[in-house]
Amino acid sequence: MPRRVLGTLLAIVLAGSCIAAPYSASDLFPMETGDFKVYELNHPLGMQTLERHEVVDSYYSWRKWDGHPFGEGWFRNGQRWLGKWTQGHTEWLLNAQASSTSIWQITTDDPCLQDADARLLQSGVTVQTRAGVFQDCLVFDITSSCNDAGLGTITVAPGVGIVRYTQGNIAGVVVAELIEAQVGSKHYPLPAPRFKVQGTTDKAVYAHRALPGLPTSIAAAEIGVELSISNESAQDLPIWYSGNYSYDFTLAPVNDQDNPVYRWSHMRAFTKNLVYTTLRAGETVSYHETLPVQDNNGVRLPAGLYVLRGWWGANPQSGSGFSAIDCGFELTIEVEAAGAPIFSNPFIPAPQTYDAADLFRLDNNAEWVYEVRNQYGTSGEHTIETTNRSGSWFYLSGSPFGDGWFRNYDTASQHWVVQWDGHYEGLVDAHADLNDSWPIAARDACLRDAEVVLVDKTAVLQTAAGRFYNCHVYDVHDNAGNCADAGLTRFVLAPGFGLVQFFTQSIIGPVEHIVKRMNLNGAVYPKPAGLQVEMVAEVVGGQLHSTLTFANQSSSTWSSSFSSGQTMDIWLSQATDRSNLFQQWSANQFFTMATQTIDVQPGQPWVISAQMPFADFNGNALSEARVRHATVGDRPFGAEVILKP
């Protein structure tokens with residue numbers, strides 16, 4: 001199931017700001033003290049020089065440029081016009097809202113710009129320089145009063161300023177292109193995109209289980225798996241999904257990896273609407289599912305090695321600079337033959353009667369973090385935590401019953417979870433029978449004169465924090481009609497863990513809160529138990545740097561055999577077509593022919609780092625590529641992302 005969290009993939013390389021037309025002069029010509037621009041001037045005879053323009057002073061709305069295509073001096077922005085102080089008055093130079101038919105005259109201190117004509121030549125232009133890719137640019141044409149000198153064209157990027165200009169001299173046309181800039185808090189070129197893809201399983205080995213009393217009937221094992229993609233760049237990434245189909249998982253035999261026998265999306269229905277969203281800088285989007293170890297016909301998979309792949313199916317919005325952004329991971333898991341009957345599993349407790357302290361966990365510095373979901377997808381996180389204690393009372397912040405003091409009231413005859421509201425207010429009867437109900441009046445305004453009904457005592461709930469058994473499920477009815485579109489409607493208590501799921505009503509419909517991680521008296525959930533692969537990659541100075549980290553979180557040694565000295569490879573291919581291979585890391589390496597085995601001990605990582613030119617086989621630099629970094633042994637693992645320099 002999808003979840004979305006803030007924290008530790010994909011970065012947008014679009015350098016210009018997303019500013020909607022019509023533009024103001026400040027949109028097109030931002031300037032603050034400390035801003036600077038460095039241009040590379042390409043001269044007609046092949047010579048290249050650098051020129052630096054910098055805002056060195058300010059006076060009210062005026063800014064002094066040391067160096068500028070219109071000549072150094074004092075400039076300011078009006079509502080529509082860029083102006084320069086010239087000969088004792090403001091001379092308006094460029095019109096940010098000019099039409100394609102308007103022409104105006106300008107005059108500056110430059111003798112070649114005395115009564116020169118200016119007009120808007122083009123709009124909506126994309127320009128690429130060493131400082132970045134700039135979209136929706138405007139190109140102004142200046143007709144100089146000098147035959148072989150003076151300004152020619154000026155290209156302006158919204159949110160950045162002048163990114164290219166031309167000027168004439170006796171030898172021809174000089175083209176100046178932006179190669180570095182500081183504009184407000186942004187520095188161009190933007191930091192290289194930095195990506196992180198992570199895949200995690202709850203086990204390394206999975207065994208089918210015989211059903212109790214039915215030795216010929218076998219239950220398929222289940223895989224807990226999570227896919228996470230992190231945007232570790234400084235820029236947001238606008239993306240879109242086709243309906244609610246945003247990720248997938250597959251299983252394939254290790255010796256036939258291109259033919260999956262199981263696909264999570266098989267026979268599932270997905271909406272067809274397009275969903276537009278943004279993966280913010282520093283944000284992680286994660287997906288957690290439980291997969292049966294069987295094929296798509298429901299037949300259990302035989303014992304052997306299988307490659308589990310997780311795939312993120314997002315698409316780049318127009319203007320993101322990417323032609324594709326889908327990515328994912330691969331891990332090899334092992335499936336064993338049927339093992340002991342399921343009733344021998346000590347992690348599945350038998351149903352019993354629980355006290356209030358069992359159901360409603362209260363600890364010092366306890367924390368429950370929930371994934372929040374509504375009908376439009378995952379919308380963030382919610383945290384409940386104990387922030388204070390007084391005797392047997394604990395102050396809970398973020399509780400759906402309202403912030404306040406709670407305690408478990410267990411006596412010989414009563415077993416209640418209570419809240420203090422000037423008096424003891426009973427919320428949950430831990431010894432209630434199915435369909436028992438009782439009134440409550442919690443601190444939350446929507447829970448005044450509400451009714452709680454126990455509807456299940458043996459529910460099983462799978463979450464990112466773990467699987468919980470014998471959960472008690474309670475429905476909440478706002479019989480008084482205090483809140484038509486708000487308030488708690490259902491909550492689930494897991495013995496020993498507390499509140500693991502609850503539902504509230506909102507103006508946009510039901511909202512689910514499902515626990516994703518917990519810290520209970522120092523015990524952290526979910527507990528690592530399986531395998532994890534993580535890939536972090538970026539392009540710096542024309543070189544691809546990729547690090548693949550494999551973590552063995554199981555209790556057994558993980559081993560993989562290799563037929564030669566080569567343990568890994570990196571493939572660079574077309575972003576939208578994996579079969580179009582640009583470059584391969586191993587093509588430029590020498591390996592011994594000796595076979596080898598790598599053992600990764602429990603709790604230990606295996607880190608594989610490599611770098612290579614971000615270029616094709618002919619040495620031509622790539623503007624975009626799909627990067628796959630994976631091992632080549634009998635138990636492969638790896639990941640892939642889309643990268644741009």
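The values are calculated or read from the model by the stated rules, or taken from the named source; none is laboratory data. Values in this document were obtained by computation on a predicted structure and should not be read as measured data. We place every Cβ from the backbone using ideal geometry, glycine too, and count neighbours over all the protein chains shown. Side chains included, ligands, DNA and RNA excluded: accessible areas come from the protein's heavy atoms. Shrake-Rupley method; radii C 1.70, N 1.55, O 1.52, S 1.80 Å.
For the reader, a short list of remarks on this structure follows.
- Three-way shape call for the range 571-611 based on the alpha-carbon gyration tensor, with the a/c threshold at 1.5: oblate
- Taking 26 Å as the straight-line reach from the Cα of Lys37, the lysines in range (excluding those fewer than 8 positions away in the same chain) are Lys64, Lys84, Lys186, Lys644.
- Sites matching trypsin sites (Lys or Arg not before Pro) across the range 46-105 that sit in DSSP coil, with at most 15 neighbouring C-beta atoms within 10 Å: none
- Span from the the range 417-461 Cα centroid across to the the range 397-416 one, whole angstrom: 9
- Pairwise inverse Cα distances across the range 457-556, averaged and inverted, put the Kirkwood hydrodynamic radius at 17.1 Å.
- Here's the picture: a label point sits 7 Å out from the Cα of Gln105 along the beta-carbon direction, and within the range 137-178 the residues with their amide nitrogen under 15 Å of it are 143-146.
- Selection from Ala269, Ser413, Leu28 lying farthest towards where the dipole of the chain points positive, charges on Cβ: Ala269
- Across every direction, the projection of the convex hull enclosing the Cα atoms of the chain has a mean area of 38.3 nm².
- Pair Tyr376, Ala281: separation of 7 Å Cα→Cβ label points (nm): 2.4
- Extension reserve of the Ile508-Lys272 stretch, reckoned as 0.36 nm per residue once the Cα distance is removed: 83.0 nm
- Sparsely packed trypsin sites (Lys or Arg not before Pro) within the range 91-176, loop by DSSP, other Cβ within 10 Å at most 16: Arg130
- Among Thr201, Gly172, Ala221 - extreme Cα towards positive end, dipole of the chain, charges at beta-carbon: Ala221
- Inter-part distance where the range 528-544 and the range 70-140 are each reduced to a Cα centre, Å: 45
- Backbone N under 19 Å from the His43 label point (7 Å along Cα→Cβ), restricted to the range 167-188: 167-179
- Charge dipole (Cα centre; +1 on Lys/Arg Cβ, -1 on Asp/Glu Cβ; no other charges) of the range 495-613 amounts to roughly 280 debye.
- Once C-alpha pairs closer than 8 Å and six or more residues apart are averaged by separation and normalised to the residue number of the range 381-424, the relative contact order reads 24 percent.
- Magnitude of the charge dipole, the range 101-256, Cβ model with Lys/Arg +1 and Asp/Glu -1, debye to 20: 560
- Set of lysines near Lys203 by C-alpha distance (under 24 Å), chain-local residues within fewer than 8 positions excluded: Lys516, Lys527
- Separation of the Val540 and Gln462 label points, Cα + 7 Å toward Cβ, nm: 4.0
- Estimated dipole of the chain in Debye, rounded to 20 [Cβ of Lys and Arg +1, of Asp and Glu -1, Cα centre]: 580
- With every protein chain in place, the chain: carbon and sulfur % of accessible area (1.4 Å): 49
- Accessible surface calculations at 1.4 Å, restricted to protein heavy atoms, place the chain at 44 Å² per residue.
- Förster radius 56 Å - calculated FRET efficiency between Thr576 and Arg389, Cβ distance, rounded to 0.05: 0.50
- For trypsin sites (Lys or Arg not before Pro), the sites in the range 232-335 that DSSP calls loop and that have at most 14 other Cβ atoms within 10 Å are Arg268, Lys272, Arg280.
- Cα-based shape type of the range 62-118, given that a ≥ b ≥ c are square roots of the gyration tensor eigenvalues and the cut on a/c is 1.5: oblate
- Spatial separation of Cα centroids for the range 256-277 and the range 589-640, in angstrom: 28
- Stretch gain in nm, segment Tyr60-Gln97, where the contour uses 0.36 nm per residue and the Cα spacing is subtracted: 10.9 nm
- Projecting the Cα atoms of Ala131, Gln105, Trp65 onto the charge dipole of the range 43-133 (Cβ charges, centred on the Cα centre) puts Ala131 farthest toward the positive pole.
- Tensor-based shape of the range 488-645 (alpha-carbon gyration tensor, a/c under 1.5 rounded, otherwise prolate or oblate): oblate
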